[in-house]
Amino acid sequence: MALLLAVLAVLGMGGYFCVFVAFHLLPTGYHPVRHAVSDYGVGRYAWLFRWALVASSVGILALAAGLALEPGTPTVTVLQLVFLFLIPVMRVGMLKFPTDLEGQRLTRSGRLHYLFAVAAFALTYSAIAGMTPELGSVGAWESVGGLLSVLRIVALVSLVLLVIALVPRLRVVFGLFERGFLVSTNLWFLTVGICLLVEAA
């Protein structure tokens with residue numbers, strides 16, 4: 001079971017990165033520095049945005065279950081698992097309530113989208129910050145402990161900078177910092193998933 005979950009985790013996170021790269025190659029009309037990633041959920045490529053969130057969410061759920069079930073994994077607290085399981089729940093809200101594009105009037109859907117996005121980001125970083133010290137000292141994770149720590153720091157810095165970029169004059173670089181957060185956190189999940197696959201094989 002743990003092996004299957006590890007495979008799903010790696011495929012889910014790998015699928016997310018494939019779509020993420022596609023967003024920046026397709027003629028979406030959105031700028032990677034200025035526009036939020038959620039903007040891809042509005043327009044002709046909204047279906048691709050949905051697939052990206054679904055793939056990543058499946059990966060995170062499988063990773064959480066695998067870490068809970070695989071005997072060789074480090075101790076993961078119940079709270080950290082709850083954080084992981086809640087991330088996809090927040091993403092369901094993000095999909096149900098599309099964002100408002102910059103310059104448009106703020107709607108109820110847009111407000112709810114922001115609320116779910118903030119919650120998803122907070123849960124993501126909380127899970128990573130709590131699990132990184134535990135994962136860096138056991139089994140396959142020991143060899144990537146330094147990488148996981150670096151990714152955690154990058155995620156924290158990106159998160160702080162994207163919050164600062166909410167200031168109107170700095171909004172032009174919001175997308176850059178958001179992408180930094182998303183790439184670092186999802187790469188963290190992918191790395192942990194690969195290690196879980198090694199342990200379960």
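The values are calculated or read from the model by the stated rules, or taken from the named source; none is laboratory data. Since the model is a prediction, treat every value here as computed from it, not as a measurement. Positions of Cβ are generated from backbone atoms using ideal geometry, with glycine treated the same way; all protein chains shown enter the neighbour counts.
Overview of values
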quantity	calculated
Answer from Thr132, Thr75 - the residue that is polar (S, T, N, Q), buried (at least 16 other Cβ atoms within 10 Å of the Cβ) and either touching a helix residue (DSSP H, G or I) at 6+ places or on another chain (Cβ under 9 Å) or modelled with pLDDT under 90 (or both)	Thr132
Residue in segment 174-181 that is touching a helix residue (DSSP H, G or I) at 6+ places or on another chain (Cβ under 9 Å), touching a residue at least 40 places away in the same chain (Cβ under 8 Å) and of a type in the set (Phe, Trp, Tyr) present	yes
Hits in segment 63-72 (condition: free of Cβ contacts under 8 Å to residues at least 60 places away in the same chain and either surrounded by 19 or more Cβ atoms within 10 Å (Cβ to Cβ) or touching a Lys or Arg at 6+ places or on another chain (Cβ under 7 Å) (or both))	Ala64
All positions within segment 30-73 that are over 20 Å from Thr132 (Cβ atoms), part of a helix (DSSP H, G or I) and aliphatic (A, V, I, L, M)	Val37, Ala46, Leu48, Ala52, Leu53, Val54, Ala55, Val58, Leu69
Segment 106-129 - residue that is of a type in the set (Val, Ile, Thr) and part of a helix (DSSP H, G or I) and, of those, surrounded by the fewest Cβ atoms within 10 Å (Cβ to Cβ)	Val118
Residue tally, condition more than 15 Å from the chain's Cα centre (by Cα), within 30 Å of Pro168 (Cβ to Cβ) and of a type in the set (A, V, I, L, M, F, W, C), over segment 93-146	5
Subset tally (residues that are loosely packed, with under 15 Cβ neighbours inside 10 Å and part of a helix (DSSP H, G or I)) for segment 1-24	4
Residues satisfying the stated conditions in segment 74-105, i.e. over 30 Å from Thr132 (Cβ atoms) and not in a helix (DSSP H, G or I)	Phe97, Pro98, Asp100, Leu101, Glu102, Gly103, Gln104, Arg105
Residue under evaluation Val92, criteria (1) surrounded by fewer than 15 Cβ atoms within 10 Å (Cβ to Cβ); (2) more than 22 Å from Ala62 (Cα to Cα), criterion not met	(2)
Conditions (1) loosely packed, with under 13 Cβ neighbours inside 10 Å; (2) assigned to a helix (DSSP H, G or I): number failed by Pro27	(2)
Unique match (being surrounded by 18 or more Cβ atoms within 10 Å (Cβ to Cβ), of a type outside the set (Asp, Glu) and closer than 21 Å to Leu3 by Cα) among Phe189, Phe177	Phe189
Tally, over segment 130-154, of residues that are outside any helix (DSSP H, G or I) and without any contact (Cβ under 8 Å) to a residue 40 or more places away in the chain	1
Residue match in segment 150-167 (condition: farther than 27 Å from Gly43 by Cα, among the small types (Gly, Ala, Ser) and surrounded by fewer than 17 Cβ atoms within 10 Å (Cβ to Cβ))	no
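Here is a yes/no grid of residues against (1) over 20 Å from Gly14 (Cα atoms); (2) small (Gly, Ala, Ser); (3) in a helix (DSSP H, G or I); (4) modelled with pLDDT of 95 or more:
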| position | (1), (2), (3), (4) |
| --- | --- |
| Leu156 | yes, no, yes, yes |
| Leu166 | yes, no, no, no |
| Leu170 | yes, no, yes, no |
| Leu176 | yes, no, yes, yes |
| Leu187 | no, no, yes, yes |
| Leu197 | no, no, yes, no |
